[in-house]
Structure formats: C-alpha cells, structure tokens
Amino acid sequence: MTEKDLVIIGAGPAGLTAAIYAGRARMNVLVIERLAPGGQVLTTEKIENYPGFPDGVSGYELSSLMAKQAEKFGMELINASVLDIKVADDGKKILKTDDGEIIARAVIFATGANPRKLGVEGEKEFAGKGVSYCATCDGAFFRDKEVYVIGGGDSAVEEGLFLTRLAKKVHLVHRRDELRAAMLIQERARANPKMEFIWNTILLRIEGDKIVERVALKNVRTGAVETLPADGVFIYVGLTPNSALLEGVVELDENGFVITDETTGSSVPGIFAAGDVRRKTLRQVINAAADGAIAATAARNYLDEL
Ligand code: NAP
C-alpha cells in the first residue's frame, strides 16, 4: 500500500499548479489522473486571457507546459481512477483506486467539471451522432453543415465562433435576449456573418433517424414551436462538478460544487478543493491555477500542524 503526505486528484491547471507548489515545498506528493494531464483545457482551441501569452495559447500547449513545469519539480503521476475516499479515525484519507489503495494525510481534489447535459429528448440518443459537447473535438465533422449551439455563456459563444470556421451556418439558441459571455467575444460573434442568434428560445427536441436531422425549438415568449433542419447540436449550458466521490464526505452546495473556505479547505480537515470543482464565481484557467497554489500551501500548513 502506498502512503503519501499529499495526493492530488486531477491534473488540470489546478492539479498541476498544486503539484508545482508541492514539489517546490519538497512534499511527498502523488498526482492521480484518469486520462492525460490537462483536463478540460485540452478541449479549448485557443486561450486568450491567460497572462503571459499576448497572442493566445492553445489549451494543449498551455497544459503541456504546465505538466513539464510540474515534472521539473519532481511530479510523480499515475494514471488511475479514484473509486472511493474514506476518512479514517486518525484523520488519514484512504483512497481506493483501480490501481490499489493509497493512504494520504492530505488530499487536494482538482477533479474539475464536465459539460452539463440539457436533458432534452434526443440528446442521449444522438450523443456522438450529431450531438456534441466539444466543438474543438468534433467540429471537423460539421464542415459546411448547419449547426445549432445551445447556451449564452462564454463556452457557447466561443465554441460557436470556432464552429463558424467549419460549418456553413452556426445558429446560437439562447433562452434570453442577452448573452452572459464576455463582451469581447459577444462583439466578435455579432460581427460574424456566419453566426445567427435565435433569442428567447429553448431546445425542445432533437430529431432524426440514425443521426441528427432536425431540432424543435420553442420561443419562450410566444410559445411558438418550429422544427428546423440541423446536422449538429452543440450543447453548452454550464458545468457539472466531478464531485460524486465527495458526496457524504464533505459539504457540497446544491449543485454539487465543494464548499470551501478562503484557503480551499473543505468541511473536512485535510481535504482541499481547487479549480472548477469548487464553489466559486469565476471559472477560468487563471483562478484554477491560483486555487492549486493556495491548496498546496494550505495542505503544507495542515501537515505542518499535524
Ligand atoms: P455558463 O457561464 O454557466 O453559461 C451557461 C449558459 O447556458 C447560460 O447562458 C445559461 O443561460 C444557459 N443555460 C443554462 N441552463 C440552460 C437550460 N436549461 N436551457 C437553456 N439554456 C441554459 O457556462 P459555460 O459557458 O459553460 O462556462 C462555464 C464557466 O467557464 C464560466 O464561469 C465561464 O466564464 C468559464 N469559461 C470561460 C471562458 C473564457 O474566459 N475564455 C471560456 C469558456 C468558459 P442564462 O444566461 O439565461 O443563465
């Protein structure tokens, strides 16, 4: 059985930054990641608001650089899935993974979040058959096609803009008449002739035979429903935190985000949460990385006090 001072779960910007800080503090630390280092940011084509990159940087490049920096400070990373976490009477955290049991004195959850499902008819049935949650991953399948993007936040508008490079037309369907996305990308989207906005409208249904062929939309003001031809539907209606493991272990908010204090500490001493999995008002790479730095420092202070 492996025993570590600190285990970091997740190797996105929060987890990798925590690994950089923990490595530099010479802590006995292990990072557990299910897939490749990078997390959600890997699905972002270009990041324009991370300081230090005036021309923007691809999500892939930024996460590779972060991983390289963590490796430089001795990051030990294993590919495994954490299946369960228990807090023993002595405060140690027992992590059951598909690669054996690991005991940690402190744990940082940097497990991130995934795109939220809308729950409409046809969404599950046509997932991977025209329904997607990642334009960077699947956009190429929609060259010269009619695509619908659902949502009005940063993800919907940014990914919609990305799709205009490939698709014939991008119809952005938003339930209100005002976008939530940052003004700069709103301006770009409004100026893009391939982008059409469908306001005050929700997606009712996705229809087709074997693949997506139509969408049924409902205007929430007039109640009118229309069915339109569609080849693809990209859904960006927010995030679901990857916090299922922590249910019943630490305090979560009504949407499943981990409630933490200013130092990223959860309701259980020695369990910290950093990045998108944490309840917060802004979810960006910059503050995911900041959370990682704070969490590693708080974990070190916690271990020092033990
Ligand atoms: P978000 O900001 O929560 O926006 C979700 C959008 O989906 C909102 O416009 C919301 O409408 C709409 N929506 C939610 N539930 C819906 C439903 N049931 N039916 C129809 N529409 C629904 O989510 P996000 O865009 O995925 O972004 C997540 C976080 O990542 C945010 O903090 C965002 O700022 C950040 N992010 C940042 C960048 C960047 O800075 N470059 C890029 C991507 C994401 P309402 O507006 O009416 O609530």
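The values are calculated or read from the model by the stated rules, or taken from the named source; none is laboratory data. Not measured: the values here are computed from a predicted model. Every residue, glycine as well, gets a Cβ built from its backbone with ideal geometry; the counts of neighbours run over all protein chains shown.
Given the conditions (1) farther than 30 Å from Lys4 by Cα; (2) without any contact (Cβ under 8 Å) to a residue 24 or more places away in the chain, which single one is not true for Ile198?
Single failed check for Ile198: (2).
Of Gly275, Gly265, which residue is under 15 Å from Ile108 (Cβ atoms), away from the ligand (no atom under 16 Å from the Cβ) and buried (at least 16 other Cβ atoms within 10 Å of the Cβ)?
Every option except Gly265 fails the conditions.
This table checks each residue for (1) in contact (Cβ under 8 Å) with a residue 40 or more places away in the chain; (2) over 28 Å from Arg116 (Cβ atoms).
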{"residue": "Leu6", "(1), (2)": "yes, yes"}
{"residue": "Ile20", "(1), (2)": "yes, yes"}
{"residue": "Asn28", "(1), (2)": "no, yes"}
{"residue": "Gly39", "(1), (2)": "yes, no"}
{"residue": "Tyr60", "(1), (2)": "no, no"}
{"residue": "Glu71", "(1), (2)": "no, yes"}
{"residue": "Glu76", "(1), (2)": "yes, yes"}
{"residue": "Ala80", "(1), (2)": "yes, no"}
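Name the residue, out of Gly23, Gly56, Gly100, that is on the phi > 0 side of the Ramachandran plot and more than 16 Å from the ligand (Cβ to nearest atom).
Gly100
Name the residue, out of Glu101, Glu76, Glu123, Glu71, that is at pLDDT 95 or above, out of contact with any Asp or Glu (no Cβ under 9 Å at 6 or more places or on another chain) and outside the structural domain of Val29 (by TED's automatic domain parsing).
None of the others qualify; the one that does is Glu123.
Could we say that Leu16 is within 15 Å of the ligand (Cβ to nearest atom), crowded, with 16+ Cβ neighbours inside 10 Å and touching a residue at least 12 places away in the same chain (Cβ under 8 Å) here?
Answer is no for this residue.
Please verify whether Ala189 is within 15 Å of the ligand (Cβ to nearest atom), of a type in the set (Gly, Ala, Ser), under 20 Å from Leu163 (Cβ atoms) and assigned by TED's automatic domain parsing to the domain that holds Gly130, treating the condition exactly as stated.
Against the criterion (within 15 Å of the ligand (Cβ to nearest atom), of a type in the set (Gly, Ala, Ser), under 20 Å from Leu163 (Cβ atoms) and assigned by TED's automatic domain parsing to the domain that holds Gly130), Ala189 qualifies.
Restricting to region 188-228, name every residue that is touching a helix residue (DSSP H, G or I) at 6+ places or on another chain (Cβ under 7 Å) and aliphatic (A, V, I, L, M).
Selection gives Ala189, Met195.
Filter region 143-160 for residues that are of a type in the set (A, V, I, L, M, F, W, C) and within 11 Å of the ligand (Cβ to nearest atom); which is surrounded by the most Cβ atoms within 10 Å (Cβ to Cβ)?
Ranking the qualifying residues of region 143-160, first place goes to Val149.
Among (1) outside any helix (DSSP H, G or I); (2) under 22 Å from the mean Cα position of the chain (by Cα); (3) crowded, with 16+ Cβ neighbours inside 10 Å, there is one condition Leu6 misses while meeting the rest; what is its number?
Just one mismatch for Leu6, condition (2).
Looking at (1) within 14 Å of the ligand (Cβ to nearest atom); (2) crowded, with 16+ Cβ neighbours inside 10 Å, find the lone condition where Thr164 falls short.
(1)
Where the second residue is of a type in the set (S, T, N, Q) and the first is under 24 Å from Tyr60 (Cα atoms) and lies in region 115-137, which pairs have Cβ atoms under 8 Å and are six or more apart or on separate chains?
Pro115/Ser155; Pro115/Thr240; Arg116/Thr240; Tyr133/Asn114; Cys134/Thr43; Thr136/Thr43; Thr136/Thr44; Cys137/Thr43
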